[in-house]
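Some notes on the structure that comes next.
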Amino acid sequence: MNSDDARIDVEISDDAKTDIPESDLEKVFEILAQDPRPSYKKGSDRVYALEFSDYEVFFVYDSEKIIIKKIEKIRS
């Protein structure tokens, strides 16, 4: 498998309660599984943010997986 095919496990924390539609959440999981972190900033002590549709997704990298910490609606 080449590095372009590499996937990372993605989890959502219990604290990341949200009303994001399930279909959008599945898309967020797909995007995060591709590890969108900048290659020059791949540290485990950072909180990253990803804007998707009407939401901002905050996530961390923790020991071989990405954990979604919070999802906020940014547009109505």
query: Which one of these does Lys70 not meet: (1) closer than 14 Å to Ile8 by Cβ; (2) in a strand (DSSP E or B)?
result: (1)
- line: By residue number, the members of region 16-36 that are charged (D, E, K, R) and modelled with pLDDT of 85 or more are Glu22, Asp24, Glu26, Lys27, Glu30, Asp35
task: For region 25-61, name all the residues that are exposed (fewer than 11 other Cβ atoms within 10 Å of the Cβ) and either touching a Leu at 6+ places or on another chain (Cβ under 7 Å) or part of a loop (DSSP other than H, G, I, E, B) (or both).
output: Pro38, Gly43, Ser44, Asp45, Val47
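The values are calculated or read from the model by the stated rules, or taken from the named source; none is laboratory data. If you're wondering where the values come from, they're calculated on a predicted model, not measured in any experiment. Reconstructed Cβ throughout: ideal geometry from the backbone, glycine too, with neighbour counts over all protein chains shown.
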